[in-house]
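Participant: I am attaching a structure below and will ask some questions about it afterwards.
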DNA sequence: AGCTAAATATCGAAA
DNA sequence: TTTCGATGTTTAGCT
């Protein structure tokens, strides 16, 4: 990992073209040759960057560039596409390199897959007497998160989201349209289950006869823990 | 901008919980208090981070932590949510601060609006004899990207995307339904135009009688350049 | 302010 | 390998 702090201007060309005017910035060069250009604000996203696979070449400025105060030019060329990042360095305040080694990587917990697993285990959250048919029930346009049966024996298709948006309702609507063509399943009711359901999504769902269920992740995880202790 | 290179472990809790085992990493502390944890690989995305608004507090390790080799603990707390990032520092190799100032920001060029402009200029890409009626043709549920007429005089509504997804087909379907109610326009054919069309989107479009057209951005831009030179 | 769509998205799993 | 959906998405545009 090489970190350079310098006054620089940056030009990118690839899917789009973009330009960064001269200013003081942090340049991060990773071991794989990728380059990140960071400012002292904004989010974790760099102002500009080049993703691997790519190669960094350093060159002296030509006469006109030198005249403009450029002391060095970095060209970062993607080795598979024609994406290119050109950094024109003016004053360089710092240039240090450190060996970091390979990172052991991130351990995550608590995503949508977990929600699906938990709801499958606690299927009666959909209503008393509900039973699980299967998770990832396959259809021609993709798998339905959960297929269940209600106490009355009707099929229930469940779409699970962390954040319930209009897109999710549209998705479930398509599944329902398809599933209801299957005489072995029809009629199929829809349930839109999410940790948080946006008002517009709720309105659309209700309008289409789709039931909304808000999932309490912590509570579900808690019950899961209790089960783990009991068995 | 403060940059620290150190052996550290990191814990995040918020929307999810995540843990980074002890390893050598780069910590970037921006002027707004946000923190980025970078390794020497991957993309521009940090291994872990805290977005502003947030506050960084540094503390001494407790006895147990000190016993484990921890020399300092950073707690980065989001000031609006209960998201929290905890960095346990072991050996610190480097700790430097630099004043960067406010960045003038990125200048972009060449996105979806450009695709629309190019297709309007090269409307015969839809088929011989096609003529442009207008871009951004207004309807009650929003403007259609392009309205054209085919050689046979039929109306053609075009939805343009950079990446053609199912959403875009749904959007075009809604437009077509509305436009076909207008006796002055009906019948209106649909064309789904994108740089890249996902298979599922293509299936859905075809099923609904919507034609798919893949746009070659570079070729269209090339022709545009030729035109620019001629006139 | 709130919502929707795009992104040089990135990332991971499944087919 | 390609495709597809999720993301602590982030970001920009619009109502």
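Participant: Kindly indicate whether residue A:170 is within 14 Å of chain B (Cβ to nearest Cβ) and away from DNA strand C (no atom under 16 Å from the Cβ).
Facilitator: Answer is no for this residue.
Participant: Which of the following residues is under 24 Å from the mean Cα position of the chain (by Cα) and within 14 Å of another protein chain (Cβ to nearest Cβ): B:144, B:107?
Facilitator: B:107
Participant: Given the criteria more than 30 Å from residue B:1 (Cβ to Cβ) and in contact with a helix residue (DSSP H, G or I) (Cβ under 8 Å, 6 or more places away or on another chain), does residue B:133 qualify?
Facilitator: no
Participant: Considering (1) surrounded by fewer than 17 Cβ atoms within 10 Å (Cβ to Cβ); (2) within 27 Å of residue A:166 (Cα to Cα); (3) without any contact (Cβ under 8 Å) to a residue 40 or more places away in the chain, say which one residue B:151 fails and leave the rest.
Facilitator: Single failed check for residue B:151: (2).
Participant: I would also like to ask the following. Being at pLDDT 90 or above and over 30 Å from residue B:22 (Cβ atoms) is true for just one of A:73, A:37. Which residue is that?
Facilitator: Just a single option satisfies the conditions, and that option is A:73.
Participant: Step by step: first the residues of the stretch B:1-17, then only those that are within 16 Å of DNA strand C (Cβ to nearest atom) and closer than 20 Å to residue B:70 by Cα, then the one that is surrounded by the most Cβ atoms within 10 Å (Cβ to Cβ). Which residue is that?
Facilitator: Going through the qualifying residues, I end up with B:10.
Participant: For the stretch A:10-19, give me each residue that is in contact with a strand residue (DSSP E or B) (Cβ under 6 Å, 6 or more places away or on another chain) and either within 20 Å of residue B:50 (Cβ to Cβ) or more than 7 Å from chain B (Cβ to nearest Cβ) (or both).
Facilitator: Passing the criteria: A:10, A:11, A:12, A:13.
Participant: Further, regarding this structure: Can you give me the number of residues within the stretch B:20-37 that are facing another protein chain (nearest Cβ under 7 Å), within 12 Å of DNA strand D (Cβ to nearest atom) and under 15 Å from residue A:106 (Cα atoms)?
Facilitator: Total satisfying the criteria: 2.
Participant: If you check residue B:20 against the conditions, is it without any contact (Cβ under 8 Å) to a residue 60 or more places away in the chain, within 13 Å of DNA strand C (Cβ to nearest atom) and more than 24 Å from the chain's Cα centre (by Cα)?
Facilitator: yes
Participant: Here's a follow-up. Scan B:159, B:177 and give me the residue that is within 16 Å of DNA strand C (Cβ to nearest atom), in the same structural domain as residue B:118 (by TED's automatic domain parsing) and without any contact (Cβ under 8 Å) to a residue 12 or more places away in the chain.
Facilitator: The match here is B:177.
Participant: Here are some conditions: (1) surrounded by 15 or more Cβ atoms within 10 Å (Cβ to Cβ); (2) within 16 Å of DNA strand D (Cβ to nearest atom); (3) over 24 Å from the mean Cα position of the chain (by Cα). Residue A:160 meets all but one. Which one does it not meet?
Facilitator: Every listed condition holds for residue A:160 apart from (3).
Participant: Moving on to the next point. Could you check the stretch A:111-132 and list, in sequence order, the residues that are more than 16 Å from DNA strand C (Cβ to nearest atom) and farther than 14 Å from residue A:194 by Cβ?
Facilitator: Answer for the stretch A:111-132, where residues must be more than 16 Å from DNA strand C (Cβ to nearest atom) and farther than 14 Å from residue A:194 by Cβ: A:121, A:122, A:123, A:124, A:127, A:128, A:129, A:130, A:131, A:132.
Participant: As an exercise: evaluate residue A:54 against (1) within 9 Å of another protein chain (Cβ to nearest Cβ); (2) touching a strand residue (DSSP E or B) at 6+ places or on another chain (Cβ under 7 Å); (3) at pLDDT below 95 and give the number of the one condition it does not meet.
Facilitator: Here residue A:54 meets the rest and fails (1).
Participant: Do we have any residue at all in the stretch B:194-206 that's exposed (fewer than 13 other Cβ atoms within 10 Å of the Cβ) and assigned to a helix (DSSP H, G or I)?
Facilitator: Taking every residue of the stretch B:194-206 in turn, at least one turns out to be exposed (fewer than 13 other Cβ atoms within 10 Å of the Cβ) and assigned to a helix (DSSP H, G or I).
Participant: Check the stretch A:191-203 and report whether any residue there is over 22 Å from the mean Cα position of the chain (by Cα), over 27 Å from residue B:15 (Cβ atoms) and either modelled with pLDDT of 85 or more or more than 12 Å from DNA strand D (Cβ to nearest atom) (or both).
Facilitator: no
Participant: Moving on. Residues being exposed (fewer than 13 other Cβ atoms within 10 Å of the Cβ), out of contact with any strand residue (DSSP E or B) (no Cβ under 9 Å at 6 or more places or on another chain) and in a loop (DSSP other than H, G, I, E, B): count how many of those fall in the stretch B:105-128.
Facilitator: Total satisfying the criteria: 1.
Participant: Still on this model: Mind listing just one residue for me: the one in the stretch A:71-104 that is within 16 Å of DNA strand D (Cβ to nearest atom), away from chain B (no Cβ under 12 Å) and in a loop (DSSP other than H, G, I, E, B) and, of those, surrounded by the most Cβ atoms within 10 Å (Cβ to Cβ)?
Facilitator: Taking the candidates together, the pick is A:79.
Participant: Turning to a different aspect of this structure: Would you tally the residues in the stretch B:172-226 being closer than 14 Å to residue B:155 by Cβ and in contact with a helix residue (DSSP H, G or I) (Cβ under 7 Å, 6 or more places away or on another chain)?
Facilitator: Total meeting the criteria: 5.
The values are calculated or read from the model by the stated rules, or taken from the named source; none is laboratory data. Nothing here was measured: the structure is a model prediction, and the numbers come from that model. Counting neighbours? That spans all protein chains shown, and the Cβs are built from the backbone with ideal geometry, glycine included.
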